[in-house]
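Worksheet: one structure, shown below.
Where a number appears in this text, it was derived from the coordinates with a stated rule and is not lab data. Not measured: the values here are computed from a predicted model. Ideal geometry is used to build each Cβ from the backbone, glycine not excepted, and the neighbour counts take in all protein chains shown.
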Amino acid sequence: MSDTDGTKKSFDKEGLRNVLVVAFSVCLVCSIVVSTAAVALKPQQQANKILDQKQNILRAAGMLPAELPEPPGPVYLPVVAG
């Protein structure tokens, strides 16, 4: 880039335009990452929701302890899935 008198303009890294471009770019990248994660994890969220509903039913019937010592895993899956 050159000025009207033929001298070159220096690149202003801290100019308002460049700050806004960087801020917008960071926001765009972060929103893409978050939305991709949400879409990719949707099936797992649905499975966890169903598992939680089944566990609550079994707790209400007294067939599952009120508090599990660890997150439900393969030990509880046959009881809940059946």
Residues that are out of contact with any helix residue (DSSP H, G or I) (no Cβ under 9 Å at 6 or more places or on another chain) and not in a helix (DSSP H, G or I), drawn from segment 25-66: Ala61, Gly62
query: Looking only at segment 37-64, which residues are surrounded by 12 or more Cβ atoms within 10 Å (Cβ to Cβ) and either within 17 Å of the chain's Cα centre (by Cα) or in contact (Cβ under 8 Å) with a residue 12 or more places away in the chain (or both)?
result: Asn48, Leu51, Lys54, Gln55, Leu58, Leu64
